[in-house]
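Bear in mind these aren't lab numbers, they're just calculated from the coordinates by the rules spelled out. Keep in mind it's a predicted model, so treat the numbers as computed, not measured. With ideal geometry, Cβ positions are generated from the backbone for all residues, glycine too; neighbour counts draw on all protein chains shown.
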Amino acid sequence: MPKQRSLYVCNQCGAEFPQFFGKCPSCSEWNSLVEQIVTPVAHSNRIPALSVARSTHSKAQSTPRQAPQPIASLTLPQISDHPQARLSSGYTELDRVLGGGIVPGSLVLIGGDPGIGKSTLLLQVANQIASRYRVLYVCAEESGQQVKLRSQRLGIGKQQRNGEAEKQQEEKSTPSEPELYLLPETDLETVLHELTALRPQVAVIDSIQALYFATLNSAPGSVAQVRECTAALMQVAKREHITLFIVGHVTKEGAIAGPKVLEHLVDTVLYFEGDRFASHRLLRSVKNRFGATHELGVFEMADGGLAEVLNPSELFLSNRDEHSPGTATIVACEGTRPLVVELQALVSPTSYPSPRRSTTGIEYNRLLQILAVLEKRVGIPLSKLDAYVAASGGLNVAEPAADLGVALAVAASFRDRVVDPATVIIGEVGLGGQVRSVSQMELRLKEAAKLGFKRAIVPASQAITGTELEIIPVARVMDAIAVGLVAGGGKATIEE
Ligand code: TYD
Ligand code: MG
């Protein structure tokens, strides 16, 4: 019997120490070390969970050792005799975020605030996929009855969506009944056992923080539990060639709870976010081994579950007030997806010694920088004015291409004028007040044209071809303000 020993694991960064520290020597977080009892396993296997997985299924484990192979001789995995590299989730929005569909055998981690709709999304996706493949939904957080209730609410069992065409193609090789299995279980070993016994093509773990590996003394959801459970699941998934969707909770700061190493383990990390008070939800990829990152999928939460929003720009522009001063329309790019977003700015005299600045959906520091540029290079005195800037629709616009739009919105609010509502504004603002070029300009202009915009204020340094929009090139912020603001606020008559 191997000797047990104590190990202290940091809940923040996952670093391990043989002794206790009040402050983690690795990440400098206070009071983050928790004690764990470790029983070393007989052979040189560092991860205890893996050894359990191995001992439970030692037969399957005894596969021959892999030798190096030439890349040309490798073949792509086949699912249900269908030699496609990716399978559709039934939702174009999710497929886009995943880089064109689900890669068989991959590990996808989905994080998000509580109640944002992770379970709803995955149950709907599981249902879609279940019409073609065998799916196991491990509901560690809810009972089978609770999931059943939710599935009734979602009308699962009745709906057949985009997957229809594909389904017909595969009719011969697929079962006619949806094969969606529920497993209300928190014990990791049972889950691993069922995965090996049922051999589903796709499995959902909801959530990794609720799973429990009995050999570890720490509580479910602790760094050690999360890490070991994910590692064990990953090993079984890779061996059995199961595509895994893992739900992960997020911490107060918005990162997935658990050690950073979790995000390194998996192939794809998605965040499901959105304003809890608004109905739309954004699905964003922050890591993707099989596609571009920062791709965006948009869904809308309704009574019958999540529905895709195939044209999100229309959603973001739906509550537009074209004639109020201080609004400007920009085209942001999320991954390869252009989104037309309305920005609103309000500047008003401050009643504090130092003025307030507040942003929603725009980076705070970028606003400070733009305000400084407006003050110094354009001569707008903002140091005695509060400034508020917000992007519509709960979208977070982090990219610098929004700078010029912010500058124009602030200037418009200051002068109580409107920006021509048929104009989109695209450009980065430099500290010297110059307007800099941005990436993916063609995509942005195309989206604006599609939505009926007539003009675009763009950086003069950027060569632009092949657009039906009227192009207004500007070299400096000052020029953009001169051409962009059209008339007095409220009473404006805007030419179309
Ligand atoms: P849920 O998927 O349970 O969130 P998570 O798993 O991320 O914690 O979503 C719960 C929220 O979604 C809840 O506030 C109610 C709402 N909802 C709807 O509005 N319509 C629906 O059809 C469903 C199933 C949930
Ligand atoms: Mg849930």
Work from the charge dipole of the chain (Cβ charges, +1 for Lys and Arg, -1 for Asp and Glu, about the Cα centre) and give the residue of THR120, ALA448, ALA237 farthest towards its positive end.
ALA237
Under a Cβ-only charge scheme (Lys and Arg +1, Asp and Glu -1), can you give me the dipole magnitude of the range 174-308 about the Cα centre, in debye to the nearest 20?
560
Along the charge dipole of the chain, pointing to its positive end and built from +1/-1 on Cβ of Lys, Arg, Asp and Glu, which listed residue (GLN4, SER351, LEU154) has its Cα farthest out?
GLN4
Ignoring everything except DSSP H segments at least 4 long, calculate the 222 nm mean residue ellipticity for the chain; use -39,500 (n - 2.57) per segment, divide by total residues, nearest 500.
-7500 deg cm²/dmol
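Longer than 26 Å from Cα to Cα, which of LYS252/LYS287; LYS23/LYS260; LYS118/LYS446 are they? Say none if no pair is. Provide the component values of the computation, followed by the final result.
Values: LYS252/LYS287 20 Å; LYS23/LYS260 18 Å; LYS118/LYS446 32 Å.
The pairs that break the limit, which is 26 Å between Cα atoms, are LYS118/LYS446.
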Once Lys and Arg get +1 and Asp and Glu get -1 on their Cβ, which of ASN365, LEU192, GLY297 lies farthest toward the positive end of the dipole of the chain?
LEU192
Of all DSSP beta bridges in the range 315-487, what percent run antiparallel (nearest 5)?
55
Would you mind checking which residues have amide H under 5 Å from ILE110's amide H? H placed 1.01 Å from N; only 5 or more apart, or other chain.
ILE246, VAL247, GLY248, LEU270
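In the chain, what percentage of the DSSP-assigned beta bridges are antiparallel, given to the nearest 5?
DSSP beta bridges in the chain are roughly 55 percent antiparallel.
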Work out from phi, with θ = phi - 60° and the Karplus expression 6.51 cos²θ - 1.76 cosθ + 1.60, the ³J(HN,Hα) of each residue of the range 202-218, listed in order in whole Hz, and give x for Gly and Pro.
10, 9, 10, 10, 10, 10, 5, 6, 8, 6, 9, 10, 4, 5, 7, 7, 6
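Could you please report the charge total around THR467, scoring K, R as +1 and D, E as -1 over all other residues with beta-carbon less than 12 angstrom from its beta-carbon?
Spelling it out: positives minus negatives among the neighbours equals +1.
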Near the amide H of ARG281, under 5 Å away, which other amide H atoms are found, from residues 5 or more places off or on another chain, if H is placed in the peptide plane?
PHE299, GLU300, MET301
Just subtract the alpha-carbon distance of ASP187 and GLN152 from 0.36 nm times their residue separation and send over the number in nm, one decimal.
10.0 nm
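Let me check I've understood the local charge: for LEU382, count other residues with C-beta under 14 angstrom from its C-beta, Lys and Arg +1, Asp and Glu -1. What total comes out? The partial results should precede the final answer.
On the way: positive: ARG356, ARG357, LYS376, ARG377, LYS384, ARG415; negative: GLU375, ASP386.
Net charge around LEU382: +4.
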For the chain, size of Cβ-based charge dipole, Lys and Arg +1, Asp and Glu -1, in debye:
1020
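Report the relative contact order of the chain, percent, no decimals, based on alpha-carbon pairs under 8 angstrom and at least 6 residues apart.
Working: 1040 pairs, mean separation 61.3, N = 496.
Here the relative contact order equals 12 percent.
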Kindly point out, ordered by number, any Cys in the chain whose beta-carbon has no other cysteine beta-carbon under 4.7 Å away.
CYS139, CYS229, CYS333
